[in-house]
Amino acid sequence: MRLYECAKVMRSKNAGPFTLTIDLMFEDRESFDRVLAAAGFSTGRIARLYGVPEDSVQICPFERVLTVKVTMPRPGPSSGARGDRDVYGCQQHFPLADMVL
Amino acid sequence: MSQAMGDEIRFVSLCGMLGYGYPLGSLETAMRAGAEFVGVDAGSTDPGPYYLGSGTGFVRPLQVKRDLEPALCASVSHGVPLIIGSAGGSGAAPHVEALLEVLRGIARERELHFRLGVIAADIEPQTVSDALAEGRMRPCGPSGSLTADAVRSCNRIVAQMGTGPIIAGLEGGADVIVAGRSCDTAIFAALPIARGFDPALALHAAKIAECGTLCARPGGANDALLCTLREHDFIVEPANPAKSCYPDTVAAHSLYEQPDPNCFYEPEGMVDMSDCTFEQFGERSVRVSGTRLVPAAKPTIKLEGTALRGYRAITVAGMRDPGAIAHIGQIEAGVREAVSENLAGTIEADGYSLRFLRYGMDGVMGTLETERNTPPHEIGFIIEAIAPTQELADSVVSLARSTALHCHFEGRKCTAGNLAFPFSPSDLQAGPVYEFAVYHLMELEDPDALFPLRFEEV
């Protein structure tokens, strides 16, 4: 199953002009636990999908609202700089959304 | 201002962004509920570096007037302060001035009189260079090490003020505060902290309040949120009776635009939410407690500075011919070569950038796109040129456009033209291009000293 189908909400946004943060919100604890436990859901694999260093990717579970937050440096230039494609960072949840666990 | 422990303070956040709109009834409800001040955030870095760089707002003056007029009238008639932070969007001198112009216009039309406190947030490049030389500058997140060149390249630098300068304005008797670039939290935490309420709770409440009713259901930043701060907790409630807060919607707010849902950083220190409790309190409100503040070892403030990186021109077109779509790479290479040959002697290829955005193919993700198997039946095409002057950018895009239109490729059938232009003129000037060259933290003994405050009787 693709992550996009596992999550109830999947959204990306800048957290400041240099940082990208992606929230995966789940309907139930089972999906939340399954994604967190999946071997494929790792900082290494996410880093390769986005072309950023592995040690710059953070996976941060927020159990209270069954959400997993993934934070990394913006893969391209900073927000709105030459070469940027997404000033607000709102459509950067792909290719993570395409990840099959 | 007196201590008020054991007491409570109620305030209203007008909406998530001054100019994004809110129902007027929500403001009336909030005033009737006894709001002791009205706060509103007027800025953000979300729309990118252009607005700080160019000194313009991303919300039009008419929208600002629409939102500001009822708030100013309510504040004056109820005798409670109105606090506006990050005035004009980016909070530098031209932004503050643009907001003051709207404010003074309303005051004239409605014959309102009040004491105005204006706080500037502009920082001299020399101040940053000195701090850099003294080792007092560090990156904010992944913004990299700051260099002296980056500081020199900035056309404008602002700093985000904390609660201190706003408290000074209120203590000086201001009825209305117009603050330049501010921490979102400072707008709403200043008065409660000055009145002696717990800074941890005040900052957490402020963090939620600055987005209006984004923490409610139905969500959205375009409505007013009431906050009541008490000795050991705070309560949030949408002013609009059609909206409700729930423990999950309020807790989930700490995810929004934040790298870490358990904490955030302010000049006052790290606000730790990991032990917070969120409980339903009445039908439409939520009670929050347990926030802690870990004071900063060394006070810091966040700086934002922009540098001009050239001028942009674009052309927008569509492509429907399957042969042209299949050979798009070849067309692009041909255009690049023709443009660079044509302009040799005027500008070399490393002096400008030429970019092809291919919507329907990989326009959003670029090289990160993984979906490359199905050829699209149609693509949207933007050709972008960035060059040291507008005239050069216009010329690069014009040449690129005519070349792309007529560029030959293998097996070409659409020999009259490869592109469908929706507009005449087909090329658009997009003006100066800026970049955040400074997005760093500055350590300093007295952060409040950087934000001069002046008063004015309106």
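The values are calculated or read from the model by the stated rules, or taken from the named source; none is laboratory data. Values in this document were obtained by computation on a predicted structure and should not be read as measured data. Please note: Cβ atoms are built from the backbone with ideal geometry, for glycine as well, and neighbour counts cover all protein chains shown. Accessible surface is based on the protein model in full, side chains and every heavy atom, while ligands, DNA and RNA are left aside. Shrake-Rupley method; radii C 1.70, N 1.55, O 1.52, S 1.80 Å.
Just for segment B:285-313: of the residues that are part of a loop (DSSP other than H, G, I, E, B), surrounded by fewer than 18 Cβ atoms within 10 Å (Cβ to Cβ) and away from every other protein chain (no Cβ under 14 Å), which one is farthest from the chain's Cα centre (by Cα)? Let's see the steps before the verdict.
The initial filter retains those residues of segment B:285-313 that are part of a loop (DSSP other than H, G, I, E, B), namely B:290-291, B:296-299.
So of that shortlist, the ones also surrounded by fewer than 18 Cβ atoms within 10 Å (Cβ to Cβ) come out as B:290, B:296-298.
Checking which are away from every other protein chain (no Cβ under 14 Å) leaves us with B:296-298.
Details: B:296: 25, B:297: 28, B:298: 26 Å.
Only one residue tops the list, namely B:297.
Put simply, of B:24, B:18 the only residue that is in contact with a helix residue (DSSP H, G or I) (Cβ under 9 Å, 6 or more places away or on another chain) and surrounded by fewer than 21 Cβ atoms within 10 Å (Cβ to Cβ) is B:24.
Summed over segment B:176-210, residues that are touching a helix residue (DSSP H, G or I) at 6+ places or on another chain (Cβ under 7 Å) and assigned to a loop (DSSP other than H, G, I, E, B) total 2.
In segment B:431-458, the residue that is modelled with the lowest pLDDT out of those that are of a type in the set (A, V, I, L, M, F, W, C) and open to solvent by less than 30 Å² (accessible area, probe 1.4 Å) is B:444.
Hand me the list of helices (runs of 4 or more DSSP H) wholly inside segment A:1-63 holding 3 or more residues that are open to solvent by 40 Å² or more (accessible area, probe 1.4 Å), away from chain B (no Cβ under 12 Å) and within 20 Å of residue B:262 (Cβ to Cβ). Working first, answer last.
On the way: elements: A:3-6, A:29-37, A:43-50.
Answer list for segment A:1-63: A:29-37.
Residue check: is residue B:62 aliphatic (A, V, I, L, M), touching a Pro at 6+ places or on another chain (Cβ under 8 Å) and open to solvent by 30 Å² or more (accessible area, probe 1.4 Å)? No.
Scoring residue B:431 on the criteria (1) away from chain A (no Cβ under 14 Å); (2) farther than 30 Å from residue B:301 by Cα; (3) in contact with a Ser or Thr (Cβ under 8 Å, 6 or more places away or on another chain) leaves a single failure, condition (1). Condition check: outside the structural domain of residue B:99 (by TED's automatic domain parsing), closer than 20 Å to residue B:45 by Cα and either within 18 Å of the chain's Cα centre (by Cα) or not in a helix (DSSP H, G or I) (or both). Does residue B:146 satisfy that? Criteria met by residue B:146.
Scanning segment B:349-387 for residues that are at the interface with chain A (Cβ under 7 Å from one of its Cβ atoms) and in contact with a helix residue (DSSP H, G or I) (Cβ under 8 Å, 6 or more places away or on another chain) yields B:368, B:370, B:386. Scanning segment B:184-204 for residues that are under 20 Å from the mean Cα position of the chain (by Cα) and of a type outside the set (Ser, Thr, Tyr) turns up B:184, B:186, B:187, B:188, B:189, B:203, B:204.
Report the residue count in segment A:64-83 for those that are in a loop (DSSP other than H, G, I, E, B) and under 10 Å from the mean Cα position of the chain (by Cα). Working first, answer last.
Here is the first cut: in segment A:64-83, the residues in a loop (DSSP other than H, G, I, E, B) are A:66, A:74-83.
From the residues that got through so far, the ones that are under 10 Å from the mean Cα position of the chain (by Cα) too are none.
Looking only at that region, the number is 0.
Only residues that are of a type in the set (Val, Ile, Thr) and either more than 9 Å from every other protein chain (Cβ to nearest Cβ) or open to solvent by less than 20 Å² (accessible area, probe 1.4 Å) (or both): list them for segment A:64-86, please. Passing the criteria: A:67, A:68, A:70, A:71. Assessment of segment B:380-393 against the conditions (over 30 Å from residue B:139 (Cα atoms), open to solvent by 40 Å² or more (accessible area, probe 1.4 Å) and touching an Asp or Glu at 6+ places or on another chain (Cβ under 9 Å)) yields no matching residue. The conditions of being under 18 Å from the mean Cα position of the chain (by Cα) and within 18 Å of residue B:306 (Cβ to Cβ) are met by residue B:90.
Residue by residue, here is whether (1) open to solvent by 20 Å² or more (accessible area, probe 1.4 Å); (2) in contact with a strand residue (DSSP E or B) (Cβ under 7 Å, 6 or more places away or on another chain); (3) among the hydrophobic types (A, V, I, L, M, F, W, C) holds:
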position	(1), (2), (3)
B:56	yes, no, no
B:68	no, no, yes
B:72	no, yes, yes
B:97	yes, no, no
B:108	yes, no, no
B:115	yes, yes, no
